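Have a look at the structure below, then the notes.
FYI, it's all coordinate maths here, none of it is from the lab. Since this is a predicted model, take the numbers as computed values, not measurements. Note that each Cβ is placed from the backbone with ideal geometry, even for glycine, and that neighbours are counted across all protein chains shown.
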Amino acid sequence: MTYFVSPGSVVRQIWGKADTVLFIFAGAAAEFALNKAVDWLYFTGRLPADPLARLFSTVTYARQIVFADRTGAEQAIDTIAGIHAAVEKSRGAAIPDWAYRDVLYMLIHYSISAFEVLERPTTEAEKQEVFDVFIRVGRRMGIPDLPASYAAWLPDRQRHLAQDLQYSRYTDDLYQQYRKHLGLVRYRLLLEAQRLVVPPVVREFLKLRAWSWLQPVLPLYRRGQHLGLSRWARTSLLPTDYKDRILALDHEPAELGA
């Protein structure tokens with residue numbers, strides 16, 4: 001069987017662990033809120049109604065692609081493209097190409113950033129591997145002007161961050177919704193996780209301090225992953241309604257051949 005991502009890939013290691021996926025989720029929640037194209041997510045009404053579910057669906061699709069065989073992954077990518085095409089038709093306008101690239105770039109950045117925060121530094125080869133996987137997703141979706149290598153992606157990522165982010169009424173509303181749906185304690189945990197994984201420009205827009213009290217806790221977490229601390233951490237970040245879905249992230253979907 002031919003897989004979209006090889007079984008030994010670091011990308012599977014990253015996306016096969018609930019803790020890492022939750023930190024990817026936290027970073028994306030921050031950057032989504034600042035993106036100049038976030039109004040597209042408001043158009044359907046799904047994001048403000050339940051931002052956690054909307055963001056969770058994004059990481060779930062990404063995870064399905066990572067663990068699927070090539071045919072299954074391409075079908076999932078085509079489904080995502082079809083959903084976006086339907087929204088564009090309904091609104092009578094096209095989602096900007098740069099907005100599609102922004103989402104791909106988030107997946108690349110937060111995959112690496114979350115893994116490095118929770119596990120270890122990545123090698124240049126592993127960074128390139130993460131890049132290759134999500135750029136292949138973008139190419140399948142027909143997104144133009146994608147960089148050819150991780151080295152070429154780095155300055156393009158910085159250009160996108162400089163051009164495509166702003167603090168808007170959508171940002172303020174989304175953070176109010178995060179707090180409403182998470183509750184105060186989980187909301188505070190979300191902010192701490194975001195401080196660890198987001199780029200400096202995102203922290204500046206959101207007025208997040210660089211230091212997080214989670215930093216001195218992380219060595220204990222790494223040593224206690226098999227002692228129940230890891231499971232406590234992952235189920236503490238999102239409401240109990242998500243508990244089963246979060247714990248399931250630790251298992252590669254059997255039906256996808258993982």
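A few remarks follow.
- Modelled spin labels at ASP132 and LYS89, positioned 7 Å past Cα toward Cβ, are 3.6 nm from each other.
- Alpha-carbon centroids, segment 10-26 and segment 97-155: separation in whole Å: 14 Å
- The fewest-to-most ranking of GLU116, GLU126 by surrounding Cβ atoms within 10 Å reads GLU116, GLU126.
- Counting neighbouring Cβ atoms within 10 Å and putting the fewest first, the residues ILE83, ILE14 line up as ILE83, ILE14.
- Full extension of the chain between TYR221 and ASP50 gives 58.6 nm of extra length, using 0.36 nm per residue less the Cα-Cα distance.
- Candidate lysines for bridging to LYS89, where Cα separation is under 21 Å - those fewer than 8 sequence places away on the same chain excluded: LYS36
- Packing around the peptides 184-197, 163-176, taken as the average count of other Cβ atoms within 10 Å per residue, puts them in this order, highest first: 184-197, 163-176.
- Charge dipole (segment 10-249, unit charges on Cβ, about Cα centre) - positive-most of GLN64, GLY82, LEU118: LEU118
- The slack in the chain from TYR42 to GLN75, taken as 0.36 nm per residue of separation less the alpha-carbon distance, amounts to 9.3 nm.
- Segment 10-249: C-alpha gyration tensor shape, a/c 1.5 cut-off, then a/b vs b/c: rounded
- Most to least packed among 28-36, 132-140 [average Cβ atoms within 10 Å]: 28-36, 132-140
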